[in-house]
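Q: Supplied in structure tokens, the structure appears directly below.
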Amino acid sequence: MIGIKNNMENYLDLTIEEVYDVITEINVWPPSFKRPKKIKFLNSMIKYFIEKEEYEKCQQLQNIVDGLENN
């Protein structure tokens, strides 16, 4: 059972990393994601990367949030 949990955590990590790359490099969003949903999603990702102590990624995401909030 521990192996399954570790595999799921690894899959989650890989998925979030992939989403981070898509958002920060090509800025592609599902059509249903309006500004409030994007901000909520990005804030969830920021919390995830804080836990991983990946503060540079947090800053990149926060910059996107700031841009969404100011438009």
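The values are calculated or read from the model by the stated rules, or taken from the named source; none is laboratory data. Every value quoted in this text rests on a predicted model; they were computed, and no experiment measured them. Because the Cβ atoms are built from the backbone with ideal geometry, glycine has one as well, and the counts that use them run over all protein chains shown. With ligands, DNA and RNA removed, areas are computed over all heavy atoms of the protein, side chains included. Shrake-Rupley method; radii C 1.70, N 1.55, O 1.52, S 1.80 Å.
Q: How do the pairs read when you match residues in segment 58-69 that are within 16 Å of E17 (Cβ to Cβ) and of a type in the set (A, V, I, L, M, F, W, C) with residues anywhere that are open to solvent by 30 Å² or more (accessible area, probe 1.4 Å) and modelled with pLDDT of 95 or more, using Cβ under 7 Å and keeping only pairs 6 or more apart or on different chains?
A: These pairs meet every condition: C58/I50.
Q: Mind checking which pairs have a first residue in segment 11-38 that is touching a residue at least 24 places away in the same chain (Cβ under 8 Å) and a second that is assigned to a helix (DSSP H, G or I) and open to solvent by 60 Å² or more (accessible area, probe 1.4 Å), Cβ under 7 Å, 6 or more apart or different chains?
A: Between residues of segment 11-38 that are touching a residue at least 24 places away in the same chain (Cβ under 8 Å) and residues that are assigned to a helix (DSSP H, G or I) and open to solvent by 60 Å² or more (accessible area, probe 1.4 Å), the close pairs are T24/Q60.
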